[in-house]
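Asks: Dropping the structure in here first, questions after.
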Amino acid sequence: MKPINPIQLKQLIEASLFVLAKPLSVKAIKETVLADFSVSRMRIQETLDELQQDYQERGVQLVKIASGYRFQTQEILSPYLQPLWQEKSPKYSRATLETLAVIAYRQPVTRGDIEYIRGVAISSHIIKSLADRQWIKVVGHKEVPGKPALYATTPAFLDYFNLTKLADLPALTDAASLQGLFDKVQVALDESNDDVSSDDQQVNDEQNDSENGSDTTTNELDDVDDEAVDVVEKGQNLTH
């Protein structure tokens, strides 16, 4: 094993994080770019902490998420950088975001559980779109007649929303507080009927049903408030 001085170590870790288009954990850094060097995980962690401080006041920051460390732009700069991308930000219906929120806070849950909390039926399109984004996955089946699938969030969900663990989810004080999570990444609500597919139209129809039953949904979410901390802690193992 070759020795490596502090400057070289910081340069190598910094360069690795820049060139790779995905997060890197301390373990991954040690076993790849630093495989030929004599360096402890503690020393790698200390170097990462130094890099975080170095970039604290810059446009690009080093952040820790569920899968490891990655460089990303400061959140407040996002609106000004948007013109650099030709593709528009993805749009999700309110029904989709509510479904994702229920799964995140009450996981593992069945489709029936989600429908009970929201007070309306859920389109298969919603579950499929969340699974296609790799934000949710099936983690088992409930031991009841029919053995319905149990859904939970994934590490990709945590990474996308800049979370390191489920306990970092915003406190669930009321239905409106859920929007804080989605606003952080500027997810737009699809409230228009223009240029939508037949599946999306079904989602919009569900949204109207949801609004008509808003009292039921709000009451259920209020019930979640008292259980949120326990549910989040129990669900942490599902993302690791």
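Residues checked against (1) open to solvent by 70 Å² or more (accessible area, probe 1.4 Å); (2) part of a helix (DSSP H, G or I); (3) basic (K, R); (4) under 19 Å from D132 (Cβ atoms):
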position: Q56; (1), (2), (3), (4): yes, no, no, no
position: K64; (1), (2), (3), (4): yes, no, yes, no
position: Y69; (1), (2), (3), (4): no, no, no, no
position: Q72; (1), (2), (3), (4): no, no, no, no
position: L77; (1), (2), (3), (4): no, yes, no, no
position: L81; (1), (2), (3), (4): no, yes, no, no
position: T99; (1), (2), (3), (4): no, yes, no, yes
position: V102; (1), (2), (3), (4): no, yes, no, yes
position: Y105; (1), (2), (3), (4): no, yes, no, no
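Asks: Residues being open to solvent by less than 100 Å² (accessible area, probe 1.4 Å), part of a helix (DSSP H, G or I) and under 15 Å from R70 (Cβ atoms): count how many of those fall in region 1-26.
Replies: Total satisfying the criteria: 6.
Residue-by-condition table, conditions (1) open to solvent by 40 Å² or more (accessible area, probe 1.4 Å); (2) closer than 19 Å to T154 by Cβ; (3) among the acidic types (D, E); (4) within 24 Å of the chain's Cα centre (by Cα):
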{"position": "R43", "(1), (2), (3), (4)": "yes, no, no, no"}
{"position": "Q52", "(1), (2), (3), (4)": "yes, no, no, yes"}
{"position": "G59", "(1), (2), (3), (4)": "no, no, no, yes"}
{"position": "A95", "(1), (2), (3), (4)": "no, no, no, yes"}
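Asks: Right, something else. Could you check A121 against (1) in a loop (DSSP other than H, G, I, E, B); (2) open to solvent by 60 Å² or more (accessible area, probe 1.4 Å); (3) without any contact (Cβ under 8 Å) to a residue 24 or more places away in the chain and say which number it fails?
Replies: (3)
Asks: While we're looking at this one, here's another question. Could you list, in sequence order, all residues of region 124-144 that are surrounded by fewer than 16 Cβ atoms within 10 Å (Cβ to Cβ) and assigned to a helix (DSSP H, G or I)?
Replies: S124, K128, A131, D132, listed by residue number.
Asks: What are the pairs, 6+ residues apart or on separate chains, where a residue within region 32-49 that is within 15 Å of L17 (Cα to Cα) has its Cβ under 7 Å from a residue that is of a type outside the set (A, V, I, L, M) and outside any strand (DSSP E or B)?
Replies: Listed by first residue and then by second, the contacts come to V33/S16; I44/K30; T47/K10.
Asks: Within region 71-94, is even one residue in contact with a Ser or Thr (Cβ under 6 Å, 6 or more places away or on another chain) and either among the charged types (D, E, K, R) or under 30 Å from P148 (Cα atoms) (or both)?
Replies: No, region 71-94 contains no residue that is in contact with a Ser or Thr (Cβ under 6 Å, 6 or more places away or on another chain) and either among the charged types (D, E, K, R) or under 30 Å from P148 (Cα atoms) (or both).
Let's see how each residue does on (1) open to solvent by 40 Å² or more (accessible area, probe 1.4 Å); (2) touching a Leu at 6+ places or on another chain (Cβ under 7 Å); (3) modelled with pLDDT of 85 or more:
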{"position": "G146", "(1), (2), (3)": "yes, no, yes"}
{"position": "L150", "(1), (2), (3)": "no, no, yes"}
{"position": "T154", "(1), (2), (3)": "no, no, yes"}
{"position": "D159", "(1), (2), (3)": "no, no, yes"}
{"position": "L166", "(1), (2), (3)": "no, no, yes"}
{"position": "A176", "(1), (2), (3)": "yes, no, no"}
{"position": "Q179", "(1), (2), (3)": "yes, no, no"}
{"position": "D183", "(1), (2), (3)": "yes, no, no"}
{"position": "E191", "(1), (2), (3)": "yes, no, no"}
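The values are calculated or read from the model by the stated rules, or taken from the named source; none is laboratory data. Please read these numbers as outputs of a predicted model, since none were measured by experiment. For neighbour counting, all protein chains shown are included, and Cβ atoms are generated from backbone atoms with ideal geometry for every residue, glycine included. Ligands, DNA and RNA are excluded from the accessible area calculation, which covers all protein heavy atoms including side chains. Shrake-Rupley method; radii C 1.70, N 1.55, O 1.52, S 1.80 Å.
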